[in-house]
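Report on the structure given below.
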Amino acid sequence: MDFITSLVVTDLADRLKNISRAFPKALLLAPSPKPIPDTFASVSGQIKLQKISTLLAGKNQTTCNPENLHLPHTDYDLIISLFDIGFTNNVPGFLNQIFGHLGKD
């Protein structure tokens, strides 16, 4: 894992560890999600991430276009996007599409 991804993963782990809410259906979007851990610890237990690549297709790797999100579900409890927002042409549209794939509170 390169040093920038390592810093981002460490920061994400620090942010998630204090969350007391459970996230039974969590998604990670990233250009290359393979080096990112599958689970993170939180106060309420483990957060298991489904991973979808927004750039690199790989063996057994689901991919999607961040400009036109077609995700497998529309009821995620948590969606984490790493490294994509800087390369997205329509940031409000990207965030709106993510919001549309979150389940009701």
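Taken together, the values in this text are just the output of simple stated rules run on the coordinates, not laboratory data. In this text, all values refer to a predicted model and were calculated from it rather than measured experimentally. Backbone-built Cβ (ideal geometry, glycine too); neighbour counts: all protein chains shown.
Summary table below
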{"quantity": "Efficiency of FRET between HIS73 and ASP2 - r from beta-carbon atoms, R0 22 angstrom, step 0.05", "calculated": "0.15"}
{"quantity": "Globularity ratio of the chain, using Cα Rg and 2.2 N^0.38 Å", "calculated": "1.04"}
{"quantity": "Unit charges at the beta carbon, dipole of the chain: most positive-side option, ASN18, ILE80, SER32", "calculated": "ASN18"}
{"quantity": "For the stretch 69-91 versus the stretch 4-63, the gap between their alpha-carbon centres in whole angstrom", "calculated": "12"}
{"quantity": "Charge dipole magnitude, Cβ of K and R +1, D and E -1 - the chain, Cα centre, debye nearest 20", "calculated": "260"}
{"quantity": "Aspartates and glutamates whose Cα lies under 12 Å from that of LYS51, excluding same-chain neighbours fewer than 8 positions away", "calculated": "ASP38"}
{"quantity": "Mean separation of Cα contacts under 8 Å, 6 or more apart, over the residue count of the chain: relative contact order %", "calculated": "25"}
